[in-house]
Amino acid sequence: MSNIDLAAFSEHLRTCKCPRAMGGRRNHYTIFGARLFRRRLVEIGVCRPAAGATEPAEPQLVARFKAWLLKHRGAFDSTIKLYARDAAGLMAARGNDPARWDPAAIRSFSLDRASHCGNRTIEKLTTSLRAFLRYLAVEGRCRAGLADVVPSYAQSL
């Protein structure tokens, strides 16, 4: 228990069959909760702090996107954080060269992420991915119109 590995936990969730685990359902709330739980365990002395563990460096394009959201859109910090998380996830999954991304890869990423989320999270994911892809297109970093391939999701009432 003294060395909880959040990366291993995240991988475990992909195929989790633990009792009451909702069939391995995984989303950002699950990982966020695990981080908070681990942080608390470190605070009370149950776990040791991770040796030299740091957050992965934020891609430069995501940092510029965040600055753009603040300056040109007047976005709140919570919105910027959410959009940056989804943008970084897209870059991690599809690579750091948006010029090489194609519509099928974008759709695949979006559908895969959506399969782990609830309706409200899917709406936010769709909005944030489209905003990031439009930003990249305006900056000349990816083909124009790529934001249009992010699928819309029907809502049930």
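Given the Cα-Cα distance of Ile44 and Ala63 and 0.36 nm per residue of separation, how much length would full extension add, in nm?
Details: separation 19, 0.36 × 19 = 6.84 nm, distance 3.36 nm.
So the chain would gain 3.5 nm between Ile44 and Ala63.
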Backbone HN-Hα couplings from phi across segment 80-91 [Karplus 6.51/-1.76/1.60, Hz, Gly and Pro as x]: 4, 4, 4, 4, 5, 4, 5, 5, 5, x, 5, 5
With 10 angstrom as the radius, rank Cys117, Cys142 by how many other C-beta atoms surround their C-beta, starting from the fewest. Cys117, Cys142
Residue-wise, which Karplus ³J(HN,Hα) couplings in Hz belong to segment 130-147, taking 6.51 cos²θ - 1.76 cosθ + 1.60, θ = phi - 60°, and x for glycine or proline? 4, 4, 5, 5, 5, 4, 4, 5, 4, 7, x, 8, 9, 5, 5, x, 5, 5
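Please report Rg over Rh for segment 60-149, where both radii come from the alpha carbon positions and Rh follows the Kirkwood definition.
Ratio of gyration radius to Kirkwood radius: 0.93.
Of Tyr83, Tyr153, how do they rank once you tally other Cβ atoms within 10 Å and put the fewest first?
Tyr153, Tyr83
Throughout, read-outs are computed from the coordinates displayed, never taken from laboratory work. Small disclaimer: the values here were computed from a predicted structure and weren't measured. All Cβ positions, even for glycine, are placed from backbone atoms using ideal geometry, and neighbour counts span all protein chains on display.
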